[in-house]
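Right, one structure below, let's go through it.
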Amino acid sequence: MMQLIVEVLPFAVGVFASPLPVIVSVVLLFTPRPRPTTVTYVVTWIAGLTLATVVMSVLAGRIEGQQGSGGVGAWLRIVLGLILIVIALRMWLGRAEKSTPAWLSTLMEAGPREAVRYGILMSAANPKELLMAVAVGLAIGSSDAGTGGAAVAIAVFVIVGAASVAAPLVVFLVGGQRTLKSLDATREWLQHNSVAVASAVLTAIGVLLLVGGVTKL
């Protein structure tokens, strides 16, 4: 089981380092109802990521079970690794044109209902998070850890990945209004450095998947 957890951790770091869900979490703290709105967003985000990971793990388990090593699972790793590398390259090359998404400004008036929508969009409907969930599913599907081991691996993936999204809320709940200035500065840093961070992480994980897929052929 420890080997599976070690294999899952890099993908959890990939989710942890995804800046946009964290930026949304910070922005929601400046809404008229910051506590219920941000709590709803974080809970929905965690639920969406968990559901996506469980579904991908079940599907990957069936693929690996039918094909064995060297089959579809290995080629999926290779394709997934190449996709992540291409995404990272495109992000880096387009960094000069990077601008703040216009819809972020609309979050300032969001409430719990809108937070549910954004929680889903940033997790289960987020392509980067879905790619990480697929990678975790492939790792679990090819392991012999059993149901218990798979559940622990998914829990580790979600907890580590969700730490960055939940952190602004925790800081706000503990420190109150006086933390908003620091949190807003963190948001600005993330927006200015998001491309560099995400590109580096996606490239590293893409290479990891590519090498892992090739070794399983």
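A few comments on the model shown:
- Rg and Dmax [Cα atoms of the stretch 1-57; Å; Rg one decimal, Dmax integer]: 14.1, 45
- Dimensionless Rg ratio for the chain, taking C-alpha atoms and the 2.2 N^0.38 Å reference: 1.05
- Peptides 117-128, 81-92, 10-21 ranked from most to least packed, by the mean per-residue count of other Cβ atoms within 10 Å: 10-21, 117-128, 81-92.
- Averaged over residues, the count of other Cβ atoms within 10 Å places the peptides 193-200, 22-29 in the sequence 22-29, 193-200, highest first.
- Most to least packed among 31-40, 204-213 [average Cβ atoms within 10 Å]: 204-213, 31-40
- The length gained by stretching the chain between Trp92 and Val170 to full extension, at 0.36 nm per residue less their Cα-Cα distance, is 24.9 nm.
- Normalised convex hull volume, the stretch 137-217, alpha-carbon set, Å³ per residue: 91 Å³
- Value of D in µm² per second that Stokes-Einstein yields for the stretch 114-155, Kirkwood Rh from Cα pairs, at 25 °C (0.890 mPa s): 214 µm²/s
Values in this text are rule-based calculations from the coordinates and carry no lab data. Owing to the predicted nature of the structure, the values given are computational and were not obtained by experimental measurement. When we count neighbours, we look across all protein chains shown, and the Cβ atoms used for this are built from the backbone with ideal geometry, even at glycine.
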